[in-house]
Amino acid sequence: MSYDLVVIGTGPGGYVCAIRAAQLGLRTAVVEKRATHGGTCLNVGCIPSKALLHASEAFEDAGKHFADLGVIVGSPKLDLAKMMAFKDEGVAGNTKGVEFLLKKNKVDAFHGTARIAGAGRVEVISEDGGNRIIETRNIVIATGSDVAKLPGVTIDERIVVSSTGALALGQVPKKLVVIGAGVIGLELGSVWRRLGAEVTVVEYLDRVLPGMDGEVGKQFQRILEKQGIVFRLSSKVTGVDVGKKGAAVSVEPAAGGESETIQADVVLVAIGRTPYTEGLGLETVGVQTDSKGRIQTDSHYATNVTGIYAIGDVIAGPMLAHKAEDEGVAVAEILAGQSGHLNYGVIPNVVYTFPEVASVGRTEEELKKDGVAYNAGKFPFTANGRAKVNHTTDGFVKILADAKTDRVLGVHIVGADAGNLIAELAVAMEFGASAEDVARTCHAHPTLTEAVKEAALAVSKRAIHV
Ligand SMILES: Cc1cc2nc3c(=O)[nH]c(=O)nc-3n(C[C@H](O)[C@H](O)[C@H](O)COP(=O)(O)OP(=O)(O)OC[C@H]3O[C@@H](n4cnc5c(N)ncnc54)[C@H](O)[C@@H]3O)c2cc1C
């Protein structure tokens, strides 16, 4: 069996890469060790977490907000097993969709663990121990990432869980401790808070959502606190003692000091993810990795070994599904002789809580650090007609534009539907738009997008509705 391209891993990076390569006429195969395609994202990441965020938001709305709209449903009851079945159905629909797309594009799919046996040779070891060798001109490694472990803390997926366990709890914990105030911790913390858990988030740094705009982080933390999440910032977890019914989490100030214990029924470890290359045989062929275990590539996704490329979570850059997908397209186009490319300056980042948080481009902290002069235009959702009528006035839109050229450099939104609102700004930034361009674009009334237009007007201090 001989191919132009073998892709290892069928997460969003791998399966999209394979489809694009097949579209461009390359004879393509994929190897996946999971029973289903779609990788972390579809099986235990983006899709199941969004299903539970959607369902738990509906549960909270029914209990807390419907009556304000004149919709009287009484006190809603939780059928957690049914909610999990709803999530599983969404996952199955999506993973089957990928299987269908691979077939439709005539991509051969092998199930088993891939090991690079040498240049142009991929060994596939199936679950029953059988193996076969596939010959190929090129290999794209898209093996993704795995849960980062906290030293000394063992994840049993029962009491001490990773995101994977937190997506499948059999009952609502009375007390949930989340270690890490990043996207995954805050999304899953929100799910279980809405379903009735008391949630405490312990974070080593002095802020939530590290890496995102500081003002966004502050406001978002306040909103989550109002919703009932308790934050222990500048605090480190030094140990988790698991008992029969729960765990005692030892926490002390990050700077050192007295230790205290927080009792929890479930502890979610959400301190990040690490690149996954186990069993790939990188050492056999001499593929280089960096100090964080990420496969090193050049700007064309080529590793130091001819014919071996890598994309997605397993290389540097934000660990996001759409980043992996676009790298998959880019590398397929490069292999087909085209000039595939991804603009790393314009990758949106979304937190799917309520309200949502979305950002694209540079933060104020980054611009200050680089000495870039900028103007900031900010518009609160309290002044947006649609947000007002919908009772979704938490948050704001902030646009940062170059002080000299007015070019949009970054946009940061906290608010309902922020994940959809940010797309307009990503397009604007790809086209090198100025804040003036966004401000002069007619936005439909009454929509939340008018807050984007007003923030663009606010860059030159001429917002209308504040
Ligand atoms: C709880 C959670 C929520 C998330 N939510 C979002 C979100 O809302 N939006 C977003 O953009 N990102 C989200 N992410 C991140 C997103 O899932 C990843 O960025 C994305 O899946 C990376 O894609 P990938 O193709 O690089 O790797 P992966 O999706 O990790 O896929 C890699 C695949 O390779 C397979 N594999 C590994 N080694 C081998 C081998 N040797 N042989 C064969 N197969 C192998 C694995 O089984 C896996 O299926 C979330 C992650 C988690 C954990």
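Throughout, read-outs are computed from the coordinates displayed, never taken from laboratory work. What you see is a predicted model, and the numbers here were worked out from it, not measured in a lab. Every residue, glycine among them, receives a Cβ derived from its backbone with ideal geometry; neighbour counts consider all protein chains shown.
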**Message:** For region 214-323, which GluC sites (Glu not before Pro) pass both filters: DSSP loop (anything but H, G, I, E, B) and at most 14 other C-beta atoms within 10 Å?
**Reply:** 258, 278
**Message:** Could you tell me what a quarter of the Cα convex hull surface of region 259-388 works out to, in nm² with one decimal place?
**Reply:** 15.1 nm²
**Fill in**
With the charge dipole of region 75-135 built from beta-carbon charges (+1 for Lys and Arg, -1 for Asp and Glu) about the Cα centre, the Cα from 124, 90, 75 projecting farthest to the positive end belongs to 75
**Prompt:** If we count other beta carbons within 10 Å of each Cβ, what is the order of 160, 438, 466, fewest first?
**Reply:** 466, 160, 438
**Fill in**
To the nearest 20 debye, region 160-271 has a Cα-centred charge dipole, built from +1 on Lys and Arg Cβ and -1 on Asp and Glu Cβ, of 380 debye
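Taking all pairs of distinct Cα atoms, average 1/r, flip it, and tell me the Kirkwood hydrodynamic radius of region 199-289 in Å to one decimal place.
Working: mean 1/r = 0.0632 Å⁻¹.
Answer for region 199-289: a Kirkwood hydrodynamic radius of 15.8 Å.
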**Hydrodynamic radius of region 349-459 per Kirkwood, over alpha carbon pairs, in Å** = 13.6 Å
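With +1 on each Lys and Arg Cβ and -1 on each Asp and Glu Cβ, how big is the dipole of the chain about its Cα centre, in debye rounded to the nearest 20?
Values: 48 positive and 54 negative charges, 95 e Å.
In total the dipole reaches around 460 debye.
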**Over 30 Å (Cα to Cα) - which of 226/453; 33/149; 103/292 fall in this group** = 103/292
**Asked** In whole Å, what is the distance between the alpha-carbon centres of region 295-363 and region 390-449?
**Response** 23 Å
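Could you tell me which trypsin sites (Lys or Arg not before Pro) in region 153-219 are loop residues by DSSP with no more than 12 other beta carbons within 10 angstrom of their beta carbon?
Numbers: sites: 158, 174, 175, 193, 194, 207, 218; in loops: 158, 174, 207.
Answer in residue order: 158.
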**Request:** Among 111, 439, 55, pick out the residue whose Cα is farthest towards the positive end of the charge dipole of the chain, where Lys and Arg carry +1 and Asp and Glu carry -1 on C-beta, about the Cα centre.
**Result:** 55
**Fill in**
Excluding residues fewer than 8 positions from residue 236 in its own chain, the aspartates and glutamates with Cα under 18 Å of it are 203, 206, 252, 258, 260
**Complete:** region 65-113 and region 157-230 have their Cα centres apart by a whole-number Å value of 22 Å
**Complete:** With label points set 7 Å from each Cα along the Cα-to-Cβ direction at residue 79 and residue 127, the distance between them in nm comes to 3.0 nm
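Subtracting the Cα-Cα distance from 0.36 nm times the residue separation, let me have the gained length for residue 227 to residue 171 in nm, one decimal. Mind dumping the intermediate values first?
Working: separation 56, 0.36 × 56 = 20.16 nm, distance 2.10 nm.
Difference between extended and current length: 18.1 nm.
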**Complete:** Over all Cα pairs of region 128-227, the Kirkwood radius sets Rh, and Rg/Rh then becomes 1.13
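Looking only at chymotrypsin sites (Phe, Trp or Tyr not before Pro) in DSSP loops with at most 13 other Cβ atoms within 10 Å, what is the longest site-free stretch of the chain?
On the way: sites that count: 344, 431.
Between the exposed loop sites, the longest stretch runs 1-343.
To the nearest whole percent, what portion of all C-alpha pairs in the chain is separated by more than 39 angstrom? Please report the intermediate quantities before stating the final value.
On the way: 30282 of 108345 pairs.
Considering the chain, 28 percent of its Cα-Cα pairs are separated by more than 39 Å.
To the nearest 500 deg cm²/dmol, what mean residue ellipticity at 222 nm is calculated for the chain from DSSP H runs of n ≥ 4 alone, each contributing -39,500 (n - 2.57), summed and divided by the residues? Spell out each step's value before the answer.
Values: 14 runs with 148 residues, N = 466.
It comes out at -9500 deg cm²/dmol, rounded to the nearest 500.
If each residue's Cβ is checked for other Cβ atoms within 10 Å, how do 453, 368, 323 rank with the fewest at the top?
Numbers: 453 25, 368 13, 323 22.
By the 10 Å Cβ count, ascending: 368, 323, 453.
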**Request:** Mind giving me the nanometre distance, one decimal, between the label points for residue 250 and residue 148, set 7 Å out from Cα along Cα→Cβ?
**Result:** 2.2 nm
**Complete:** Between residue 344 and residue 111, the FRET efficiency computed from the C-beta separation at R0 = 45 Å comes out, to the nearest 0.05, as 0.85
**Asked** If you wrap region 84-130's Cα atoms in a convex hull and average its projection over all directions, what's the area in nm²?
**Response** 4.9 nm²
**Request:** Please order 252, 187, 327 by the number of other Cβ within 10 Å, starting at the fewest.
**Result:** 252, 187, 327
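In nm, what is the difference between 0.36 nm times the number of residues separating residue 100 and residue 58 and their Cα-Cα distance?
Working: separation 42, 0.36 × 42 = 15.12 nm, distance 3.08 nm.
Using 0.36 nm per residue and subtracting the Cα-Cα distance, I get 12.0 nm.
For residue 423 and residue 67, calculate 0.36 nm times their separation in residues minus their Cα-Cα distance, and state this gained length in nm to one decimal.
Details: separation 356, 0.36 × 356 = 128.16 nm, distance 3.25 nm.
The residue 423-residue 67 span can extend by a further 124.9 nm.
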